[in-house]
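The values are calculated or read from the model by the stated rules, or taken from the named source; none is laboratory data. A quick note: this is a predicted structure, and the numbers were derived from the prediction, not measured. Reconstructed Cβ throughout: ideal geometry from the backbone, glycine too, with neighbour counts over all protein chains shown. To get the accessible areas, we keep the full protein, side chains included, count just its heavy atoms, and leave off ligands, DNA and RNA. Shrake-Rupley method; radii C 1.70, N 1.55, O 1.52, S 1.80 Å.
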Amino acid sequence: MTTKQGSVIAGILLLVLAIALWIGSSSFPPGSMVFPRAIAVVIVILTALMLVENASIKDFPAFDWQRFNYFRTLRAAVLTCIYMAQLAYVGFLLSTPIYLLIMMYVMEKGSFWTKIVASLGTTGAVYFVFAYLLNVPLPAWDF
Amino acid sequence: MELILQGFVTVLQPGVLAILIAGTLGGIVIGALPGLTATMGVALLTPLTFSMPATTGLVMLCGIYCGAIYGGSISAILINTPGTPAAAATVFDGYALTKKGLAGKALGISAIASFCGGLFSALCLTFIAPQLARVALSFTSPEYFAMGLLGLSIVASISGEYVLRGLLSACLGLVLGMVGIDAINGAMRYTLGSVNLLNGVSFIPVLIGLFAVAEVLRTTESMLKSPHVEVNLSGVLPTLAELRGCARAILKGSAIGTLVGIVPATGGDIAAFISYGEAKRSSKDGDKFGTGVLEGVAAPESANNGATGGALIPLMTLGIPGDAVTAIFLGALMLQGLRPGPMLFKDHADIVYAVFAGMIMANVIFLLFGLFAIKYLARVVNVPKPILTPIIFVLCIVGSYAINNNMFDLWIMMLFGVIGYLLEKFRFPVSPIVLGLILGPMVESEFRRSLLLSQGDYSIFYTRPIAMLILTLTLFSVIAAYVQQRRRKNSARLAQAGIDGAS
């Protein structure tokens, strides 16, 4: 995908957003609907101008598959979402070292012991700072 | 004067001082790590300040900010990679000095120049800001509305060659700012039936998503190994003759940095390049710049830290953030229940002067670290990315969770991380989203309050001289950005035509 193609997709999404803003504002009291509608109009105008400008600007590939490993980025994002989803049930102390260890392996194969020490050390340090020093409760085991 | 002394008394309390030292150290480490910017550092560590008293939290942010800008020079000098964009100009002579075996000397001059620049700008902040705030005390809703618009107009300048995309990003921020209960009449807007959105979209998770998660997602694309640096530094303290040789560059850099920092939409990176250019032009050894001269390190480093205090002047006095870091500062102030602007000086002078004292002390602290602990600090450039990246993910998650102890905020953070990552791919700047999100609600509510005051008469915006002046400045700012963009495009077209003609 190129930046131009991406801009067209972004433009379509912005137009949908503008329409949703306008329709969504119909139930607001008069004072509350002015600003959303004004923004909706501005979005439509700016999107139209952007799409016109898009035709004349230099195009670039948005993703360089030869140089970069986007599958690793995707794996990192998915693993992080899984970690976030289970955090409320399994808790921070148990799930974080496992998440960190897996993520470090996803990033690069290498010394197991370095990764173990880094993941356990980070979990302990973050827990100590937030839970003890700052009194911010972190998600705990909930079974 | 009494207030300034009171600020120092607050900052020098052992607990506050310890937090400031920790913040400055954290800032230096983040700044020194290539790929982690000052913006990301401040965004990532802001959640640590929530559970602290306002003064302590804000003083810590000052430490992170000043430390990160200085820390950027460490990797610029040692591994030829600027830790932050503000240290990009330091690479030219900093790394050349390292290749000559003078890394210690370069790091020493960098610490001293950064300190001088930072101290000068912090003093300017301390003495100029209260005068400006006094003028701004007469502001009411129309002036605040105009100031908000002026802040938003900065979007046009910070969007580089993609002004329209920047404005659209700002609109996205404005849309996010509308979510939640309307402050004027209590109507619920775009909450999608979720109680989590009644108070609006949480600002910090959006910020962490856009500036930290998006950045680490980009880092995962490539896990190139950084060269391992043998950190063997000696002769960090410069001689008196070397200091004398750099004095002019440092003085000019400090002034340039502070002035550039005050101008919204500029920042440490621009200040550093201007200062480097000026030092090169006015130095008798100008032709040696780039081959490893100490002045070439002193000039950009004094300027980029000079911009830190300057950037806080419009924020503290008028409530207008000039860039992403000051936008985060604004968010942190608002989360502590404080609204930057002239009233802050009147109602919370103790906090304001503690921040000023914190800025001054942060510079002293990083100077001490830079001169006496650099051997140990420099080792952070060797931290492997595959270990660091997952740790940053965890910090992002914990930081977002810490604000409201709410899982919903984590999903907001991740959503905006992905949005920020994709927007950057398609050349949409992300900083305007933050400006829109912060300034949008202010612009809307002040606009509506103004109309309530004038009973619906729009002339209130152009019959009040200060409001009119600020609105004119706003218009000028947008036009100037547009003209600048056209000029840049024309130059690029002419350059391309020249290349085509030559081939």
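For the peptide B:213-222, the mean number of other protein chain Cβ atoms found within 10 angstrom of a residue's Cβ is 5. Surface calculation, 1.4 Å probe, protein heavy atoms: A:Tyr89 sits at approximately 120 Å² accessible. Shielding of peptide A:117-126 by partners, expressed as the average count of other chain Cβ atoms within 10 Å per residue Cβ, is 3.
Inter-part distance, the range A:21-58 to the range B:232-306, computed on C-alpha centroids, equals 45 Å.
From helices alone, chain B scores -24500 deg cm²/dmol at 222 nm; the rule is -39500 (n - 2.57) for each run of n ≥ 4 DSSP H residues, then divide by the residue total. In the complete set of protein chains, residue-level accessible area for B:Val263 is approximately 70 Å², probe 1.4 angstrom.
Here the peptides A:49-60, B:355-366 are ranked by packing, the mean other Cβ count within 10 Å, and the order with the highest first is B:355-366, A:49-60.
Rolling a 1.4 Å probe over the protein chains gives B:Lys425 an accessible area of about 20 Å². When A:Glu108, B:Glu424, B:Glu301 are compared by accessible area at a 1.4 angstrom probe, the order from most to least is B:Glu424, A:Glu108, B:Glu301. Averaged over its residues, the range B:58-136 has an accessible area of 26 Å² per residue, based on protein heavy atoms and a 1.4 Å probe. Taking K and R as +1 and D and E as -1, what net charge do the other residues with C-beta under 10 Å from the C-beta of B:Pro238 add up to? Around B:Pro238, the surrounding residues sum to +1. Look at where the Cα atoms of the range A:66-129 and of the range B:1-56 average out, and the two centres are 28 Å apart. Sequence-distant contacts, meaning Cα pairs under 8 Å at least 6 residues apart, place the relative contact order of the range A:69-133 at 34 percent.
Legend: residues A:Ile116, B:Ile392, sorted from most to least accessible area (1.4 Å probe; ligands, DNA and RNA excluded), read A:Ile116, B:Ile392. Judged by the mean number of other Cβ atoms found within 10 Å, the most tightly packed of the peptides B:204-211, A:26-33, B:451-458 leads the ranking B:204-211, A:26-33, B:451-458. Listed by chain and number, the aspartates and glutamates whose alpha-carbon sits under 15 Å from that of B:Lys280, ignoring those within fewer than 8 places in the same chain, are B:Asp93, B:Glu295, B:Glu301.
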